[in-house]
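The values are calculated or read from the model by the stated rules, or taken from the named source; none is laboratory data. The structure displayed is predicted, hence computed values, not measured ones. Quick reminder, even Gly has a Cβ in these numbers, built from the backbone with ideal geometry, and neighbours come from all protein chains shown. Side chains are part of the model used for accessible areas, which takes the heavy atoms of the whole protein and leaves out ligands, DNA and RNA. Shrake-Rupley method; radii C 1.70, N 1.55, O 1.52, S 1.80 Å.
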Amino acid sequence: MANRSEETEHDAVSRRSHQGGMILDLMLKRPIRWLRMLVEELHWSFFFGVIVVYGVSQGLGKGLSKVSTQYYFKDEQMIQPSEAQVYVGLIQVPWIIKPVWGLLTDVVPVLGYRRRPYFIFAGVLSMVSMMVLSLHKNLQLGLALSCLVAGSAGVAIADVTIDACVTQLSISHPTLAADMQSLCGMSSSIGSLVGFSLSGVLVHLFGSKGVYGLLGMTAGLIVVVGLILKESPSRSPGGKHVNEKFIDAGSAIWKTFQYGEVWRPCLFMLLSAAVSLHIHEGMFYWYTDSKDGPSFSKEAVGSIMSFGAIGSLVGILLYQNFLKNFPFRNVVFWALSLSVLSGFLDLILVLRINLKLGVPDYFFIVVDEFVSHMISRIKWLPLLVLSSKLCPAGMEGTFFALLMSIEHVGHLLSSWGGGVLLHALKVTRTQFDNLWLVIVIRSLLRVVPIGLVFLIPNVDPSSTILPADMLMNRRSEDVVETDKIEMTALLSNEA
C-alpha cells in the first residue's frame, strides 16, 4: 500500500511537471524559437524597422494618443460624444489615402532614394504637429484637428513605407507571410500594452497636452530609421521615367483588381468594417460620468485599455500557434460569430445587470475589453495575411496600402455612422438614457458580415492566389531588392 501511494504521488508530480513544461514551452520557449527562426530566414535589421514603426510609432503611440485625445476632446475642447466620434474618424483620413503614400514610395524617389526620405518626412511631420498641440495654449478646434490629422499622416506614411518591406518579403518568403504579420501584430500589441498601461497615469500627471509632447519625442525614432536605412540610390530619376512608372502602376492595379480573388475580399473588408459601427466615444463619456456611469479615473481608463492590448496579444498567440494554417474563410467566420456575442457585453454593463449579479464594473469592463480585442485580432490577422498575398510584384507598397485604405474607409464610415447614431438617439455628455439602444443596434449590425464571408477565398495561407506572372518583376530597376532593405548601424555607414 505504501509503495502504491508513493507511485501515485510520483505520477501526480510528473503530470504537474509535464504540464508546467508545456506551459513554459508555449509561453516562452516556442516564441523564442519562432523569433530565432525568423532572424535566420530574414535579415536581423528587418526587426528594427518593425519594432520602431509597429511597436513604438503605432503601438506605444496608439496607447498614449487614444486616451490623451479622448480627454483632450472632453476636457480641453468640451465637445459632445457624437462630435468626438466624428472627429476621431476625421483623424483617420490620412490612412484612407495610404495608396498615395505607397505610390510615392514605390515610384517617386527623392534625391535618388525611395524609402529613407519618406521615413524622415514622416518623423518630422509627427514631431512638429505633436509639439504644436503640446505647447500652444487655447488652440482652436480647427487648428487642433489639423495637428491631429498631420500627426496621423506621419504615422501613416511610416506605416506604408515599412509595409512595402513586409509585403515584398511575403512574396519572396511566402511560407513566412503569416509569421511576419504575427510579428508585426505582436510588436503593435506589446507597444499598445505599454502605452495604455502608462497613458492614464501620464494624462493625470502631465495632462493630455503633456502626453502629446511625449509623442513628439517618440516620433524622432522614425527619423532615426530614415537616417540609418541602407538603400542603394535609384537609377533613372528623370521626370519622364517617373511618369511612365505612374502609368505602369495604374495598369498593374487595374489588372490586379480584375481578378475576382482580389476584388471580392476587398468588398468584404469594406462592407464588414462599415456596418460594424464604432460607439467608443459614447462609451468613454459614460465610463467617466459621475452620475450614470462608473466614474472611472484617468488611471482606471488607461488600465482598462491595457487589458484590451493584452487581449490583442493573446489573439495573436492563438492565431500563430493554432489557427494560422486554417483557411481564411473559416477563421473569419468563427471570429465574426464570436464578435456578435461579445457585443452584447456592453449592454449588460450599461443596464447595470452586472451589479445585480454581484460583478464589479471594473472587473466586468476588463473582461469585456480583453475578449473583444482578442476576437478582433483573430478576425483581422487572416485578412492581413490574405492582403499580403494579393499584391503584384513591384507594387507591394502601393497595392498593400490600397487594400488597407479600403479597410480604413470602412472604419471611417463606421465611426461617422456611430456618431450619427449617438446624435440621433440623443446620447450627450450628460444624457445616456438611450445608450443601451445604441449598443443593441451596433451589436445586431455585426451579424451582417457573417453573410458576406463567401467573398473571402477558401484557401489557406500557404496557397498562391495571384497568377505566377504577376508575382515576377517585370522591371528589375523598379524594385528594391530584398537584401537592400536592411538597417545598418551608423558606424557601418561611416565605414
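Quick notes on this structure:
- Pair list, Cβ under 6 Å, 6 or more apart: region 182-209 residue in a helix (DSSP H, G or I) and of a type in the set (Lys, Arg), other residue surrounded by 24 or more Cβ atoms within 10 Å (Cβ to Cβ) and at pLDDT 85 or above: none
- When the criteria are applied in full, ALA424 meets the requirement of being over 30 Å from LYS255 (Cβ atoms), open to solvent by 10 Å² or more (accessible area, probe 1.4 Å) and modelled with pLDDT of 75 or more.
- Contact map, region 422-442: first residue in the same structural domain as VAL88 (by the TED database) and farther than 19 Å from LEU349 by Cβ, second residue open to solvent by 50 Å² or more (accessible area, probe 1.4 Å) and of a type in the set (Phe, Trp, Tyr), Cβ cut-off under 9 Å, separation 6 or more or different chains; the map is empty.
- When VAL438, VAL367, VAL459 are checked against the criterion of being part of a helix (DSSP H, G or I) and over 22 Å from the mean Cα position of the chain (by Cα), a single residue qualifies: VAL438.
- Number of the exception - ILE120 against (1) modelled with pLDDT under 80; (2) open to solvent by 30 Å² or more (accessible area, probe 1.4 Å): (1)
- Filter result for PHE73 (out of contact with any helix residue (DSSP H, G or I) (no Cβ under 7 Å at 6 or more places or on another chain) and either in the same structural domain as TYR118 (by the TED database) or open to solvent by 40 Å² or more (accessible area, probe 1.4 Å) (or both)): no
- Set SER68, SER57: member being open to solvent by less than 50 Å² (accessible area, probe 1.4 Å), among the hydroxyl-bearing types (Ser, Thr, Tyr) and under 17 Å from the mean Cα position of the chain (by Cα): SER57
- Given (1) over 29 Å from ASP433 (Cα atoms); (2) at pLDDT 85 or above; (3) open to solvent by 20 Å² or more (accessible area, probe 1.4 Å), number of the condition GLN258 does not satisfy: (2)
- Residue list for region 213-251, restricted to those being in contact with a helix residue (DSSP H, G or I) (Cβ under 8 Å, 6 or more places away or on another chain), in a helix (DSSP H, G or I), among the charged types (D, E, K, R) and at pLDDT below 70: LYS245
Each row is one residue, and each column tells you yes or no for (1) touching a Ser or Thr at 6+ places or on another chain (Cβ under 7 Å); (2) open to solvent by less than 20 Å² (accessible area, probe 1.4 Å); (3) closer than 17 Å to ALA178 by Cβ.
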| site | (1), (2), (3) |
| --- | --- |
| PRO360 | no, no, no |
| PHE364 | no, no, no |
| VAL367 | no, no, no |
| HIS373 | yes, no, no |
| CYS391 | yes, yes, yes |
| PHE400 | yes, yes, yes |
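- Exactly one residue among SER126, SER208, SER188, SER197 is surrounded by fewer than 20 Cβ atoms within 10 Å (Cβ to Cβ), outside the structural domain of ALA401 (by the TED database) and in contact with a Ser or Thr (Cβ under 9 Å, 6 or more places away or on another chain), and that residue is SER197.
- Screening region 323-333 for residues that are under 15 Å from PHE454 (Cβ atoms) and assigned to a helix (DSSP H, G or I) and picking the one that is nearest to the chain's Cα centre (by Cα) gives VAL332.
- Each residue in region 327-358 was checked for being of a type in the set (A, V, I, L, M, F, W, C) and exposed (fewer than 15 other Cβ atoms within 10 Å of the Cβ), and 5 of them qualify.
- Among the conditions (1) among the hydroxyl-bearing types (Ser, Thr, Tyr); (2) open to solvent by 40 Å² or more (accessible area, probe 1.4 Å); (3) part of a helix (DSSP H, G or I), the only one that SER443 does not satisfy is (2).
- Any hit, region 405-420, residues being acidic (Asp, Glu) and in a loop (DSSP other than H, G, I, E, B): no
- Only one of LEU125, LEU103 that is of a type outside the set (Asp, Glu) and modelled with pLDDT of 90 or more: LEU125
- Residue match in region 129-136 (condition: open to solvent by 60 Å² or more (accessible area, probe 1.4 Å), part of a loop (DSSP other than H, G, I, E, B) and at positive phi): no
Let's see how each residue does on (1) open to solvent by 60 Å² or more (accessible area, probe 1.4 Å); (2) at pLDDT 80 or above; (3) within 27 Å of the chain's Cα centre (by Cα):
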site: ILE253; (1), (2), (3): no, no, yes
site: TRP263; (1), (2), (3): yes, yes, yes
site: LEU271; (1), (2), (3): yes, yes, yes
site: SER276; (1), (2), (3): no, yes, yes
site: MET283; (1), (2), (3): no, yes, yes
site: SER290; (1), (2), (3): yes, no, no
site: GLY293; (1), (2), (3): no, no, no
site: ILE304; (1), (2), (3): no, yes, yes
site: ALA309; (1), (2), (3): no, yes, yes
